[in-house]
């Protein structure tokens, strides 16, 4: 009995700390208010399924996350930090034992699914087994993030143990990914595909109605395990793929927020229209556009040509000008720029294409093209995706940059289907725009994008370079953060400078605009994060 | 007449098969497939096996002819299959959207008839007067103005007017309100897209009413009626108008069928989850089964509307007999 009381007290305490911390972090010091119906727009079409373990789009996170719990999550009070907090687990994120190879999680007691059945360690194990070791015929989009996991065990109903093959700094961030919904073992046992079309979680809201591609509505979960939360009585997510509708919905107060982000001009228009009824939040974004040369096509199999391409780019100038019209801004290497593992400005400026003397870089690029015997009268193909922000904007910028060294590119803009057909199957491009957009900032995993194409087929450059793969593995397996940072620099230099297997253009910059009466939400480096909506609230006074 | 209708019904079958072959071929000519899109992902990882497994599950690796006959076979026994994107039954995906599109189409048609018949009649009767010129200006503007553009203007106008009058911006609801749940709310939401499309629709019908009525008003029997001393109002309403309605009915019928699946951009402007939006999503998702089902639905609506128009012809003009 004492144990139960202690657990309950710890749960209530954790909830209070979470809620109080969040209220303070809101910036106004306002006391959260209960009640209200919060409507937000989901800037996406209907997701293929409702199973977040299977899907990769934020189009499933934004509508569905409020109905589920996860084991860990980013701290809603400080979502830009790399500190994670327990959601279903008790207390703080556990420290590993067994030389960093064992993580033991105690679960909160009394947690129930929305159908009233208790949530136990068996449900957590069943969910992570589905993610990490999916059976034949079951898709798991991120199972490669958990290469280090050997097994998941449950010594008792409230304890889950993750046994790793090797110690890894990438494990805890991977575990906190927002897709890792905890499902009911009973449902999974009955039909492992059940969650593709149904919703049953233990999150802050209980599903009322889902209309595919139209809207999703839920009501407050009165038995939510974080006592005192959620603040809202009701939530509705409305699918609205067109930016004009999202803007008008905010202006006309039909919705209070859109969580993905807006380009700078839209931000300015909204602020002009709404004045102090609009709140703007901005941060660096864990998404980046790449320029990927096709190593299987001449002359881009020649490192001199690839180096010329990167030397031609004025990233620092591009950052200044493009950030006024597009959702890109930050100059960076292969690691999310705000991460502890990212290169500093000084380190970046040692790399080709990042140096201060642009004219010298471009002169060197012209020399390299001459050395490689490039025919400057030829026109090359830049494959791009028919998405305005920021693909087409960055594509036009690249054409201009390469023209400065005498290289002519024609931009072929394709809808997403044909774009991926070119990247994956046809390979009918000289250089292509590509992207890397992750949720949790987890550089050792995020930078696997640059591994050889036969190891990671998402590297569409068709490069195979074992030295590069070794450098990555060396960095991945390094447990000491300081040493790992040094090894990351070596890997990064090899990718971006020595071999120029791919080029980083500019990192995205996230700008959200929401109605000022919507409070308690803080922007994070990813539009996949901060979507539980249990700590947000509405302040009707803000509209007066 | 019954024989004629049965014959027309039977002729629907080859028409629909033709449409089916066309849409199936066109859809499979577009590069990429639904599996590649489903796993477009976050850019960092890409599992070839996952895509192959998806193709296997959806039967995309089978020969095209097998896929076609399986689909068309199901279609003729009323089995539309499941959406390749959401894996939900196509009838479930289309059901609520058909109702919404039908309601907008009916409202737009009513608005169009209420505007076009009186205006077209006045314009014809008062030919070359200032009234005629005004009506012609209004109708030509309606034809020239795309309905989605008018929709955008309506939305921006509502925001501007409500801001100045009420002190806050107002736009119609962005989520669908079923008419049985809240009729006023439903009307508040759908009257604007119905106006935007109904205006363009009425412009075409007004022009058609005017020209058809002008032609009929020059007929001998109208002259005879006038010579017998029938008052002008009765000449127009009883003798001329009904006989001038044949081409107007054709325009109204065809436009109605078009509205059922063709309001692609207008639906997006008002965030209506109708058939037009579903069409765009299904094509961009490479959702073959859903796109094919939607094309067949629209083709079916067009064929049925043509039959309905023929029946109305016979009602309007008893001299018309189908045998």
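With n ≥ 4 as the cut-off for DSSP H runs, can you work out [θ] at 222 nm for chain B, using -39500 (n - 2.57) per run divided by the number of residues, rounded to the nearest 500?
One gets -24500 deg cm²/dmol as the mean residue ellipticity at 222 nm.
Which residue, B:257, B:203, B:160, has the most motion in a Gaussian network model of chain B that connects Cα atoms within less than 10 Å?
Largest GNM mean-square fluctuation: B:160.
Quick one: check the C-alpha center-to-center distance for segment A:232-258 versus segment A:172-223, whole angstrom.
Each part's Cα centre sits 22 Å from the other's.
Could you let me know the centre-to-centre spacing of segment B:111-165 and segment A:71-126, using Cα atoms, in angstrom?
A separation of 61 Å, based on Cα centres.
Averaged across the residues of A:454-467, what count of C-beta atoms belonging to other chains lies within 10 Å of each residue's C-beta?
The shielding value for this peptide is 2.
Antiparallel versus total DSSP beta bridges in chain A: what percent is that, nearest 5?
Of those bridges, close to 75 percent are antiparallel.
At R0 = 30 Å, how high is the FRET efficiency between residue A:95 and residue A:347 if r is their beta carbon distance? Nearest 0.05 is fine.
Working: r = 31 Å, r/R0 = 1.02.
Plugging the Cβ-Cβ distance into 1/(1 + (r/R0)^6) gives 0.45.
Over chain A, calculate the relative contact order: mean separation of alpha carbon pairs under 8 Å at least 6 apart, over the residue count, as a percent.
That works out to 21 percent.
Considering only B:227, B:141, B:212, give the residue with the highest GNM mean-square fluctuation for chain B, with springs between Cα atoms whenever their separation is below 10 Å.
Ranking B:227, B:141, B:212 by mean-square fluctuation puts B:227 first.
Which residue, B:45, B:25, B:250, has the most motion in a Gaussian network model of chain B that connects Cα atoms within less than 10 Å?
B:45
Taking the beta-carbon count within 10 Å as an exposure proxy, list A:153, B:109 from fewest neighbours to most.
In order of increasing Cβ crowding within 10 Å: A:153, B:109.
What is the Cα centroid distance between segment A:325-342 and segment A:343-362, reported in whole angstrom?
15
How far is helix A:264-274 tilted off the main Cα axis of chain A, in degrees rounded to 10, range 0 to 90?
Its long axis makes an angle of about 40 degrees.
Return, ordered by residue number, the residues of segment B:245-266 whose backbone nitrogen is under 17 Å from a label point located 7 Å along Cα→Cβ of residue B:219.
Zone members listed by number: B:245-250.
Multiply the residue separation of residue A:544 and residue A:197 by 0.36 nm, subtract the distance between their alpha-carbon atoms, and state the gained length in nm to one decimal.
Length gained between residue A:544 and residue A:197: 120.8 nm.
Pull out a ≥ b ≥ c, the square roots of the eigenvalues of the alpha-carbon gyration tensor of segment B:101-316, then state rounded if a/c is under 1.5, prolate if not and a/b is larger than b/c, and oblate in the remaining case. Don't jump to the answer; show the numbers that get you there.
Working: a/c = 2.58, a/b = 1.54, b/c = 1.68.
Since a/c reaches 1.5 but b/c is at least a/b, the shape of segment B:101-316 is classed as oblate.
Give me the tail of P(r) for chain A as a percent: Cα-Cα pairs with distance above 42 Å.
Value for chain A (Cα pairs over 42 Å): 22 percent.
Under a plain spin-label model, where a point goes 7 Å from the Cα along Cα-to-Cβ, how far apart in nm are residue A:282 and residue A:466?
Taking the simple label geometry, residue A:282 and residue A:466 are separated by 4.8 nm.
In degrees between 0 and 90, to the nearest 10, how far off the longest principal axis of chain B does helix B:245-262 point, with axes built from Cα atoms?
20
Quick one: if the Förster radius is 56 Å, what FRET efficiency do residue B:22 and residue B:162 give, using the C-beta to C-beta distance and rounding to 0.05?
0.75
Taking a ≥ b ≥ c as the square roots of the eigenvalues of the Cα gyration tensor of segment B:158-210, is the shape rounded (a/c under 1.5), prolate (a/b larger than b/c) or oblate?
Taking the square roots of the gyration eigenvalues as a ≥ b ≥ c, segment B:158-210 is oblate.
For segment A:219-344, what does the relative contact order come out to in percent, with C-alpha contacts under 8 Å and a separation of six or more?
Result for segment A:219-344 is 17 percent.
Where does each of A:154, B:15, B:197, A:56 land when they are ranked from fewest to most other beta-carbon atoms within 10 angstrom?
On the way: A:154 17, B:15 14, B:197 28, A:56 25.
The order, fewest Cβ neighbours first, is B:15, A:154, A:56, B:197.
Please compute the modelled spin-label separation between residue A:190 and residue B:128, points set 7 Å along Cα→Cβ, answer in nm with one decimal.
Each label point lies 7 Å from its Cα, and together they span 7.9 nm.
Enter the angle in degrees (range 0 to 90, nearest 10) between the Cα long axis of helix A:481-493 and the first principal axis of the Cα atoms of chain A, meaning the one along which they spread out most.
40
Considering the zone a paramagnetic label at residue B:49 would reach in this model (a point 7 Å from Cα along the Cα-to-Cβ line), which residues of segment A:441-456 have amide N under 18 Å from it?
In segment A:441-456, the label zone of residue B:49 (backbone N under 18 Å from the point 7 Å along Cα→Cβ) covers A:453-456.
All of the numbers you see were taken from the coordinates with simple rules; none came from a lab. Since the model is a prediction, treat every value here as computed from it, not as a measurement. Heads up, the Cβs are rebuilt from the backbone with ideal geometry, glycines too, and the neighbour counts pull from every protein chain shown.
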